[in-house]
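Okay, so here's the structure we're looking at.
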Amino acid sequence: MPSDEPLDRTAREPRPSPIDVHVGTRVRLRRTLLGMSQEKLGEALGLTFQQVQKYERGVNRIGASRLFDLARVLDVPIGFFFDDMPDAVGGTMNGIRRAMGFADSQDAFEDDTLHRRETLELVRAYYRITDPSVRKRVFDLIKSLTPAD
């Protein structure tokens, strides 16, 4: 017997996997650090920017061959996309990595400041400085403005 109540749309559409969301977030982080638009990444992969958006949000799952292509285009090892996965998301993945003798993921990526737009823009601007001596002076200036450790 049909109900007059509207269907709960969220009940029919599965939510993205937390792992897919994490991998997509890492794709976005690396793309942004490189100063690459979704359009440019899509062109390099033979995709539309909308498909890249769906990957980055975790709505579309990234298959193994696509992950391989992303790693190549974004110039990172495939493991980069799984680094810093919380134990709650990746289960015992970090424990397995340690047991197999692999290093723990880099602590620097656990700091949320690397994910802020301001940080990403600063890194992009810094690497757009083509003269190495100017870049070194900017680096030294920034270091001189920070509190001593």
Open item on the list: The conditions are (1) exposed (fewer than 15 other Cβ atoms within 10 Å of the Cβ); (2) at pLDDT 95 or above, and Pro86 fails exactly one of them. Which is it?
Closed with: (2)
- [ ] Within the stretch 33-53, track down each residue that is modelled with pLDDT of 90 or more, in a helix (DSSP H, G or I) and either crowded, with 18+ Cβ neighbours inside 10 Å or not basic (Lys, Arg) (or both).
- [x] Gln38, Glu39, Leu41, Gly42, Glu43, Ala44, Leu45, Phe49, Gln50, Gln51, Val52, Gln53
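From the set of residues in the stretch 54-77 that are assigned to a loop (DSSP other than H, G, I, E, B) and not β-branched (Val, Ile, Thr), which is nearest to His22 (Cα to Cα)? Show your work before the answer.
Pass one, the stretch 54-77, residues assigned to a loop (DSSP other than H, G, I, E, B): 58-63, 75-77.
With not β-branched (Val, Ile, Thr) added as a condition, the list becomes 58, 60-61, 63, 75, 77.
On the way: Gly58: 7, Asn60: 12, Arg61: 11, Gly63: 14, Asp75: 18, Pro77: 16 Å.
So the residue we want is Gly58.
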TODO: Please enumerate the residues belonging to the stretch 1-32 that are modelled with pLDDT under 85, part of a helix (DSSP H, G or I) and either closer than 19 Å to Asp84 by Cα or of a type in the set (D, E, K, R) (or both).
DONE: Arg9, Arg12
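Give the residues of the stretch 123-139 that are part of a helix (DSSP H, G or I), loosely packed, with under 10 Cβ neighbours inside 10 Å and not small (Gly, Ala, Ser), sorted by residue number. Explain how you work it out, then say what you get.
Our first condition is that a residue be part of a helix (DSSP H, G or I); within the stretch 123-139, this holds for 123-128, 132-139.
With the extra rule that they be loosely packed, with under 10 Cβ neighbours inside 10 Å, the set shrinks to 128, 132-133.
Residues satisfying the conditions are Arg128, Pro132.
The values are calculated or read from the model by the stated rules, or taken from the named source; none is laboratory data. Worth saying up front: this structure is predicted, and the values here are computed from it rather than measured. In this analysis, Cβ positions are derived from the backbone assuming ideal geometry, glycine residues included, and neighbour counts consider all displayed protein chains.
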